[in-house]
Amino acid sequence: MLEADLIVVNASEVATCTGSAGPEGLAPIRNGAVAVRDGRIVWVGPEAQLPFKVRTLEATRVDARGGIVGPGFVDAHTHLVFAGDRAREFSLRCAGASYASLLAEGGGILATVRATRAASEEELVRLALPRARRLIAQGVTTVEVKSGYGLSVEDELKMLRAIRALAEELPISVVPTALPLHALPPEGREDRDGWIDRMLEELVPAVAEEGLAQFVDAFVEEGAFSPDEARRLAAVAAEYGLGLRLHVDQLTDQGGAELAAELGAVTADHLEEVSEEGIRALAESGVAVTLLPTSTLYLKCPRYAPGRALADAGVKLALGSNCNPGSAMSENFALALSLACLGNGLSAPEAYYAATAGGADALGLEDRGRIAEGYAADLVIFDAPSFEHLAYHMAVPHARVVIAGGRVVHEAEDLPGCL
Ligand SMILES: [Zn+2]
């Protein structure tokens, strides 16, 4: 007898995302059902074949009401934890102010660094919780969260502890990343090498010792950090058993994709300016790419990352909201999904696959992002007629029921549905 404590029934379609990436990746089941026990998926298939003897009496029966069901979104790149607000800078920037004049006004990333340093760990958690809840309401059941606004050993540790505390408060999975090389703080200007030394020799070992992150990350860009500085970080990360993620080729082509391939990074993120050689290097090395189209829009960059060319070259793709106070102040994962199509050139099923199975793969999570036996029961019921519809009907929430670890963690009963 199949025993379940939660079953999802009456779905028009269940996207299992068990195919390989590409148009066939969703591997959908018409009129599918999912059975869950102790937070894990124990059965998925056509509802008509739901084992007759499934013990449903005590099971929570979740009615999809003819909607579609898929794995919860894996938001593979965010900066959810920060203090402060840069709305004025946004307004000035939209009205044509130059980056230099914004910096002179006290804007830019260092404004967030000042506010984050002034905030306590508890305050950072309090500020991040509603952002995470907005993501959950969109159907996100796994989120990667980076540090990078502390930029001193002590403040980076405070941020990472806040991410850990946030994870304890949330019903979804949180993957923490330490981002010591995000921007050079004022004290680093007099002694750049000394500051980097402290990040690598004091912060990274402390992060590893306290188990505060699985990955480290660096922003490789003109005016940020050089490929050689990222190489130094990679060497230290390897020493401490931490994986490497990189922000590369966002504003200018720094050979960041090639660097990510050389260093065996787990992911290379952004890539608006990646070259053809860079795409080849990623494909050959198996480095995954996280597309972050919301920030491409937000910063009015001249071009989106070439998602189409990357996919055609066989590069594994993930998707992130990149929620952050400077270049993507939005938890609207549905917007990112649409922009992955409109900007990056993916089809709607490819975008959904990148946003689920692709994200799980890019974060090294072997039991997330798909609907299959043994996987974590992270599921979303969308009040939408098809998976194409989610990207097509842009920036509108379609998630009616969000299930994480086999529990209903969000329900939008008053959602004006699209069925
Ligand atoms: Zn980022």
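The values are calculated or read from the model by the stated rules, or taken from the named source; none is laboratory data. The shown structure was predicted, so the numbers you read here are calculated from the model rather than taken from an experiment. Cβ coordinates were reconstructed from backbone atoms using ideal geometry, including for glycine residues, and neighbour counts include every protein chain displayed. Please note that ligands, DNA and RNA were not included when accessible areas were found on the heavy atoms of the full protein model with its side chains. Shrake-Rupley method; radii C 1.70, N 1.55, O 1.52, S 1.80 Å.
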Seminar exercise, completed: What helix-only [θ] at 222 nm does the chain give? Using -39500 (n - 2.57) per DSSP H run of at least 4, over all residues, to the nearest 500, the answer is -9500 deg cm²/dmol
For this session: Could you give the size of the charge dipole of the chain about its Cα centre, using +1 on the Cβ of each K and R and -1 on the Cβ of each D and E, expressed in debye and rounded to the nearest 20?
Result: 1200 debye
Exercise. How many lysine pairs are close in the chain, with Cα atoms under 30 Å apart and the two 8 or more places apart or on different chains?
Worked result: 4
Exercise. Within the accessible area of the stretch 297-357, what % is carbon and sulfur when the probe is 1.4 Å and the other protein chains stay in place?
Worked result: 59 percent
Problem set entry | Loop sites in the stretch 286-331: trypsin sites (Lys or Arg not before Pro), DSSP, at most 10 other Cβ within 10 Å | K300, R303
Exercise. Rg and Dmax of the chain, using alpha carbons, in Å: what are they?
Worked result: 21.1, 72
For this session: Taking the convex hull of the Cα atoms, report for the stretch 185-314 its projected area averaged over all directions, in nm².
Result: 8.2 nm²
For this session: Would you kindly state the longest site-free stretch of the chain, with sites defined as chymotrypsin sites (Phe, Trp or Tyr not before Pro) in a DSSP loop (not H, G, I, E, B) surrounded by at most 16 other Cβ atoms within 10 Å?
Result: 53-239
Exercise. Which helices count as membrane-span-like in the chain under these terms: full DSSP H, at least 20 Å along the axis by C-alpha, Kyte-Doolittle mean of -0.5 or more?
Worked result: 121-138, 153-169
For this session: Might you tell me the accessible area per residue for the chain, computed with a 1.4 Å probe and given in Å²?
Result: 38 Å²
For this session: Step through the residues of the stretch 65-73 one at a time and calculate ³J(HN,Hα) from phi using the Karplus curve (6.51 cos²θ - 1.76 cosθ + 1.60, θ = phi - 60°), rounding each to whole Hz and writing x for Gly and Pro.
Result: 6, x, x, 9, 10, x, x, x, 5
Exercise. Taking only C-alpha pairs under 8 Å that are 6+ residues apart, what is the relative contact order of the chain in percent?
Worked result: 20 percent
